[in-house]
C-alpha cells in the first residue's frame with residue numbers, strides 16, 4: 001500500500017519508462033519490438049530509494065493487428081513520512097505498522113518510518129484490433145501486486161481517423177478494482193495509535209476501492225511539421241482511500257504544536273490508556289477527478305519541440321497545473337533532449353497540520369471533523385523537474401539512451417510554528433534504456 005501511494009511521487013520520473021524509441025526500431029511484421037529499461041529513483045535525507053527494471057515487447061500480427069506486453073518490478077526501501085511533524089526539543093515515539101515495536105525520532109527531526117520496504121510486480125497486455133483502414137480498438141488488461149495491495153484492471157480505447165488521417169478521435173474507458181490489506185489489519189479511522197504490545201485499533205483485514213476513467217481526445221495534424229492533441233479525462237474513485245500508515249498529531253495548543261498529554265486529556269494519558277497523541281487519518285470514500293491535457297509537437301529542420309499543459313481538479317479541493325517542455329537536439333549521430341517540468345497544486349480541503357483539542361477533537365477522543373490528513377502529498381506544493389536525456393542509435397534497429405533528472409518539491413504548510421514545517425524534498429532519477437528488434 002505504501003508503494004502504491006509513493007508511486008504518485010515517482011510519476012513524473014517514470015511516465016516515459018516504457019515508451020518505445022520508434023525512431024530507432026523498424027521491425028518487420030513478425031519481429032518483436034523490445035524496449036528494456038532500468039530506473040533508479042532516490043530521495044534525499046535517507047528517504048525512499050527505488051529500483052525499477054522493466055521490459056516491453058510488442059509485435060504486429062495479422063492485418064494491422066498488434067499485441068504489446070510489459071513487465072515492471074518495483075523494489076522500494078528507505079524511510080517514509082508517517083504524517084506527524086518535527087518538533088524542536090521534543091523526541092517522539094511511534095508504533096510500527098505491525099504494532100509489535102516502537103521507533104523514536106530525535107528532537108527536530110522529521111518523523112520517518114525507517115521500517116518501510118516493499119516490492120511490486122506489474123503485468124500488462126494490450127491487443128490492437130484493426131476494424132478497418134481508418135479505425136481500431138486497443139483492448140488492455142493489467143495486474144499488479146505487492147504484499148499489502150493488489151490491483152487488476154481492464155481498458156478499451158477506440159480511435160477513428162478522419163480528414164485523410166490528419167484528424168484522429170480517441171475515446172477510452174478504463175476500470176480498476178483494488179484490494180488493500182494493510183499490515184496487521186486496517187486501522188480504525190481517527191482511532192489513536194497505541195503503544196506497541198497493547199493491541200491495535202483495527203477495523204478489518206481488507207478494504208477495497210474501484211476506479212473508473214473515461215477519456216475523449218482529438219489529435220490534429222496542422223501541417224507537415226506540427227501536431228496538436230487535446231484530451232479531456234473524467235475519473236471516479238469509490239471505496240477505501242486512506243493511507244493506513246498515516247497519522248495526524250493531536251495538540252492542546254496550536255501555537256506550540258506539541259503533542260497532547262494526559263494532563264490535557266485522560267484519553268491520551270499514554271501510561272494509563274496506551275493511546276499515543278496521534279490518530280489515524282480519514283479521507284472521503286469517493287473522489288471525482290477531471291483533467292484537461294493539451295500537447296503540441298513541432299518539428300524544426302532537424303530538432304523537435306514537445307510541449308504540454310495539464311489542468312487537474314477534483315472534489316477534494318485539489319487543483320493542479322503541469323507544464324512540460326522537451327527539446328530534442330539532433331547531433332551528428334545522436335541526440336540530446338533537455339527536459340523541464342513544473343507542477344503546482346492546491347491543498348485538499350481536509351489537509352490539516354494537526355487536530356486541536358476542544359476544536360477538532362474532545363477530551364474523550366472523539367474527532368469532531370469529518371476528515372483529516374497530514375499527508376504532504378495532499379498539501380499545497382510546487383515541484384520542479386530538470387532533466388537531460390542522451391540517445392544514440394546502435395544500429396538501424398536499436399538504440400541506447402540514458403536520462404537523468406533532478407526533482408525538487410516545496411510544501412506550503414501555512415502558518416505553522418517554526419521548526420514544524422514539512423521539509424523540502426529533493427530526489428534524483430536515473431534511467432537507462434536499450435531498445436532493439438528481435
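Each reported figure results from applying straightforward, stated rules to the coordinates on display, with no laboratory input. Only a predicted model underlies this, so the values are computations on that prediction, with no experimental measurement involved. No Cβ is skipped: glycine too gets one built from the backbone with ideal geometry, and neighbour counts run over all protein chains shown.
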Calculated SAXS-style log₁₀ I(q)/I(0) at q = 0.18, 0.19, 0.29, 0.31 Å⁻¹ - the range 290-330, Debye, Cα scatterers:
-0.57, -0.60, -0.92, -0.98
Cα-based radius of gyration of the range 45-144 once divided by 2.2 N^0.38 Å, which approximates compact folds:
1.80
For the range 105-178, what size does the Cα cloud have along each of its three principal axes, sorted from largest down, in whole Å?
67, 26, 15
Let me check the size of the chain from its C-alpha atoms; what are the radius of gyration and Dmax in Å?
24.2, 77
Per-residue [θ]222 nm for the chain (sum of -39500 (n - 2.57) over DSSP H runs n ≥ 4, rounded to 500):
-1000 deg cm²/dmol
Could you tell me how many degrees, from 0 to 90 and to the nearest 10, lie between the Cα long axis of helix 2-14 and the main elongation axis, the longest principal axis, of the Cα atoms of the chain?
40 degrees
DSSP-defined beta bridges in the range 288-438 - what % are antiparallel, rounded to 5:
95 percent
Considering the alpha-carbon set of the range 307-366 alone, what are its Rg and its Dmax in angstrom?
21.7, 72
List the relative contact order of the range 327-438 as a percent without decimals, with contacts defined as Cα pairs under 8 Å and 6+ residues apart.
25 percent
Let me have the relative contact order for the range 200-336, percent, based on Cα pairs under 8 Å that are six or more residues apart.
20 percent
Contour minus Cα-Cα span, residue 412 to residue 165, at 0.36 nm per residue, comes to 84.3 nm
Most fluctuating residue of 197, 257, 99 in a GNM of the chain with Cα springs under 10 Å: which is it?
197
Would you kindly calculate the translational diffusion coefficient of the range 166-322, applying Stokes-Einstein with the Kirkwood radius from alpha carbon pairs, for 4 °C and a viscosity of 1.567 mPa s, and quote it in µm² s⁻¹ without decimals?
66 µm²/s
Among 75, 110, 271, whose mean-square fluctuation peaks in a Gaussian network model of the chain (Cα, cutoff 10 Å)?
271
Run the numbers on the chain and let me know its relative contact order in percent, using alpha-carbon pairs under 8 Å that are six or more apart.
15 percent
What is the range 241-399 by shape, rounded, prolate or oblate, if you read a ≥ b ≥ c off the alpha carbon gyration tensor as root eigenvalues and call it rounded for a/c under 1.5, prolate for a/b larger than b/c, and oblate otherwise?
prolate
For the range 53-211, take the convex hull of the Cα atoms, compute a quarter of its surface area, and give me that in nm², please.
13.4 nm²
Please give the residues of the range 384-405, grouped as numeric ranges, whose backbone N is less than 19 Å from a label point set 7 Å along the Cα-to-Cβ vector of residue 438.
394-401
Alpha-carbon Rg/Rh ratio, for the range 362-405, with Rh computed the Kirkwood way
1.51
Go from 0 up to the bin containing the longest alpha carbon distance in the range 337-438, width 5 Å each, and give me the % of pairs per bin.
3, 11, 14, 13, 12, 10, 8, 7, 7, 5, 4, 3, 2, 1, 0
For the chain, built as a Gaussian network whose Cα springs stay under 10 Å, the top-fluctuating residue of 299, 374, 183
299
